[in-house]
Structures are given as C-alpha cells and as structure tokens.
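Input: a single structure, listed below in structure tokens.
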Amino acid sequence: MDFVSFLNYAIAFFSLFVANVFILLYLTHRKDYLKTPEQTDWEPFISIVLPAYNESIYLKESIDTILAVDYPRNKLEIIIVDDGSTDNTYEIAKQCESNIVHAYQKKNGGKGSALNFGIKKAKGELIATMDADSYLTKDTIHELLPFFTDQKVMAVTPAVKIKTDGSILKELQRVEYLMILFSRKLLSFIDSVPVTPGPFSIFRAKVFDEVGLFDEHNLVEDQEIALRIQSHNYKIKSSMTADVFTEPPDNLPDLIRQRVRWQRGGVRNFWKYKFMINPKYGDFGMYFVPLNFATLTAMFTLFALMAYSVITTPYYVQYVWTELFGMSVGLFTFVGAFVILSSLIFTYLSVQSFRTEKIGLHYMVMFLVFYWYLMITYNLLFIFKEIKREGYSW
C-alpha cells in the first residue's frame, strides 16, 4: 500500500470511528436521552444578562419572550447591556425598563465585555446569558432548572433551534443546529459538553467567582468559558426540551463569516486547553479534546489528497468516472460508502429526535453535500485570516 492510499484509508476509518461513537452513544442512551431530571419546587432568583450591539430589530421581541416565560416575576431580573450601539438599541432598552428590566449603556468593548459588565451587576443565584436576537419559549427555564440538582453541574445548555421560513439556506442551518444539539446531548453522557451557547445558557453564579468571568478578547467566548469550567472538573449538562429560537445568518456571506469566526476561535481555544489531554479530565480530556485536533488534521490532509487527485488523475477518469462502472472498485469504495451511509444515518437520527421539527429527507442529503463545501471554504479562510492576524468585533 502506497502512502497516499494509506492516508485515504486512515481518514476514512477515522470518519467511520467518529460517526459510530456517536451512534453507539445514541444506542446506549436512546431510552433516556430525551428525559429531563425530575422536576422540583426549587425556584431560585435568576439574573438574565442580555448584551446587545445594534440589535434594535430583535431586542423588543427578545425581551417580550423573557417576560412571557412561566416563572415568577419576583424571581427574575433582566439586565440589558448596550455595548455602544450606533443605532437606537439603547433607546429601545430604556423603553422596556421596569422593576425587573434594567438597561445600561457602556463604551463598545465587545460581547465578552458586555457580558461581564452585566454579570457584575447580577444578583441572582443563577445567571443566564442571552443573545439579543434569541427568543425563549414558555417552559424554557423550568426545563433547565432540574439539571442543577447535581451540585457538580455549573451550567446547563438549552435546545437552540431555528424557526423555518421556507428558505433553503435556513433549512440547511436547521439541520445543522439539530445535529449540533443532538451531538451535544450525547456528549453530555460522557461529561464532554464543549460550549455554553449564547442564546440562553444558565450558570451557577458562584462559578464565575471560581473560574473567572468571560474572556473579553475571545472570538467564541461561550466556548472558552465552557472549556474553563471543564478544566476545573465541573459538569455542563444539555437539555433537548428547553427550546430557544435564534436568528441565523440569512445569506451565504454572513454564514461563512460566522463559521470562520467559530473555527478561528475554536482552534485557538482548544490549543489553549491542550493541557487537558490528561486522564484526570476524564472522557473530555482523553477523547473530545484530541478529537478536535485529529479532525482538523484529517480535514487538511483530505484537502491535500483532493488536490493531489486532481493533479494526478487522468482527464478521462475525471470526466468519464470510469471507476463508477467497476474498473477501480475496491475495499476503499465500500469503506467510503459506509462512511457516507453512517453520516446520513446520524443526520437522520439527529433530526428525527425532535418530533416537532419537520425537515424533509432531501434537506438532510443536501446538508451533507452543502456542508462539505462550506467546510472547505471556511477552513481555507480560517487559515488565511489567522496568517493575517485579522481582528474581529461584534
């Protein structure tokens, strides 16, 4: 076997291994992964910190959904932090002020800075962080609280979803968000939740005293704080039923820009926490952290193999696809087909886990194709922007 064939097989088997680890986690926990811990009468005071920058379009509706949740008003406070917006975000926030809604304005310093400003003013036993373009459902809070019965749990993440509007791009993102949510829930069974999403994650207030506040210079501060919590051997749990809806990018350039930021921040964060590749950090350290480095290595190796194939494959094979008619069918053909099938099964399981989310099978297939080319794009741009050391703000 030559070196190129070896790399092809290595990537194929790595992809197969990752897909099937998640499928095995699903099969192991299929009877209880949708369950929420038993409800309690515990209703602590909760501070909701809502940072905003030029969010005048969404802010009022976002606040209204908080006020409509099924939770005692006298045990809620909403802290809106306008981070130096150039539109009328602060004026809208002031119009919403009441005995539980408090609006503040500060000099622009980024999302992490706005979050920390609000956290310092929070009085709650629990502190929730919420993006200004996100919307709660009536039962969101009560679905999240039972996870805190375990005193080692320092944060709980919601079921972040996208409402359908019929556009193809949003339908593909709906598939992606459900896959992320499904994956995160399965990872919670091995205490490996890697992010506390901005739309509405709830933290014990004391965790910020123990591990520190948000990193104000981080591209994905909601991931960095989760890794820091994990590094202190605390737990983060994930709910499949605490629905929160968010506004996704509605055009391809904005989507790519978002994914490039996620990738840049993610690589930096996992490099920062590479010390967690250690048995004392359990499955998170010995499986999930190395998985991120292995995935990135596999991705760029695959890019190189694709380029090599284009250069070395004869034109009549490239354009006639002779292999499809049996001239080059071998073990790798079947391994590749099994990888694709496993990916499709995982995508199907992810979507079907949410019975109220109706998504056509054709969108799932389109997602697998679309997301592949999206990954190529944002990974190449990620390298380019890192070389340039390009900055980022809201």
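Quick note: the coordinates plus some simple rules give every number you see, no bench work behind them. For clarity, every value in this text was computed on a predicted model and none was experimentally measured. Glycine also receives a Cβ, built like all others from the backbone with ideal geometry; neighbour counts cover every protein chain displayed.
Explain nothing, just the number: dipole magnitude of region 46-250 about its Cα centre with +1 on each Lys and Arg Cβ and -1 on each Asp and Glu Cβ, in debye rounded to the nearest 20. Mind dumping the intermediate values first?
Working: 23 positive and 30 negative charges, 125 e Å.
Roughly 600 debye, rounded to the nearest 20.
In terms of the Cα gyration tensor, with a ≥ b ≥ c the square roots of its eigenvalues, is region 1-127 rounded because a/c is under 1.5, prolate because a/b exceeds b/c, or oblate?
Details: a/c = 3.45, a/b = 1.75, b/c = 1.98.
Since a/c reaches 1.5 but b/c is at least a/b, the shape of region 1-127 is classed as oblate.
Would you mind telling me which residue in 155, 307, 114 has the biggest mean-square fluctuation in a Gaussian network model of the chain, where springs connect alpha carbons within a distance under 10 angstrom?
Evaluated over the chain, the most mobile residue of the options is 307.
Using the beta-carbon distance between residue 167 and residue 394 and R0 = 22 Å, what value does 1/(1 + (r/R0)^6) give for FRET efficiency, to the nearest 0.05? Could you put the intermediate results ahead of the total?
Values: r = 24 Å, r/R0 = 1.10.
Computed FRET efficiency for residue 167 and residue 394: 0.35.
Under 21 Å from the Cα of residue 121, which lysines turn up, not counting those fewer than eight places away in the same chain?
The reachable lysines, counting only those whose Cα sits under 21 Å from residue 121, are 75, 94, 106, 107, 111, 206.
Just from its helices, what would the mean residue ellipticity at 222 nm be for the chain, if runs of 4 or more DSSP H residues each count -39500 (n - 2.57) and the sum is divided by every residue, rounded to the nearest 500 deg cm²/dmol? Can you show the working numbers first?
On the way: 13 runs with 199 residues, N = 394.
Value at 222 nm, helices only, nearest 500: -16500 deg cm²/dmol.
Can you sort 359, 340, 236, 229 so the residue with the fewest Cβ neighbours within 10 Å comes first? It would help to have the intermediate numbers written out before the result.
On the way: 359 20, 340 13, 236 29, 229 23.
Ordered by Cβ neighbours within 10 Å, fewest first: 340, 359, 229, 236.
With the chain treated as a Gaussian network of Cα nodes joined by springs under 10 Å, which of 66, 162, 376 yields the largest mean-square fluctuation?
Judging by the Gaussian network model, the answer is 376.
What lysines does residue 31 reach when the alpha-carbon gap must be under 16 Å and sequence neighbours fewer than 8 apart in one chain are set aside?
Candidates past the 8-residue exclusion: 185.
For residue 369 paired with residue 217, estimate the spin-label separation in nm (one decimal), with each label point 7 Å from Cα along the Cα-to-Cβ line.
Each label point is offset 7 Å from its Cα along the Cβ direction, giving 4.5 nm.
About its Cα centre, how strong a charge dipole does region 1-139 have in debye, to the nearest 20, once Lys and Arg get +1 and Asp and Glu get -1 at the Cβ? Before the final figure, lay out the partial values.
Values: 14 positive and 19 negative charges, 61 e Å.
Result for region 1-139 is approximately 300 debye, rounded to the nearest 20.
Let me know the shape class of region 76-224, please: from the alpha-carbon gyration tensor, a ≥ b ≥ c as square roots of the eigenvalues, rounded when a/c is under 1.5, otherwise prolate if a/b is greater than b/c, or oblate. Mind showing how you got there, number by number?
Details: a/c = 1.60, a/b = 1.18, b/c = 1.36.
The shape class here is oblate.
Going by a ≥ b ≥ c, the root eigenvalues of the Cα gyration tensor, does the chain fall in the rounded group (a/c under 1.5), the prolate group (a/b larger than b/c) or the oblate group?
On the way: a/c = 1.88, a/b = 1.71, b/c = 1.10.
Prolate.
Please identify the helices of the chain, taking whole runs of DSSP H, that span at least 20 Å along their own axis as judged from the Cα atoms and have a mean Kyte-Doolittle score of 1.0 or higher.
Numbers: long enough: 3-29 (39 Å, 1.77); 168-188 (30 Å, 0.50); 252-272 (30 Å, -1.01); 289-312 (35 Å, 1.56); 331-352 (31 Å, 1.85); 361-388 (40 Å, 1.18).
Qualifying helices, which must be both long enough and hydrophobic enough, are 3-29, 289-312, 331-352, 361-388.
Say we join alpha carbon atoms closer than 10 Å with springs in a Gaussian network model of the chain; which of 139, 222, 32 then has the biggest fluctuation?
With Cα springs under 10 Å in the chain, the top fluctuation among 139, 222, 32 is at 32.
Hey, rough spin-label estimate for residue 88 and residue 17, points 7 angstrom out along Cα→Cβ, what's it come to in nanometres?
The modelled label-to-label distance comes out at 5.8 nm.
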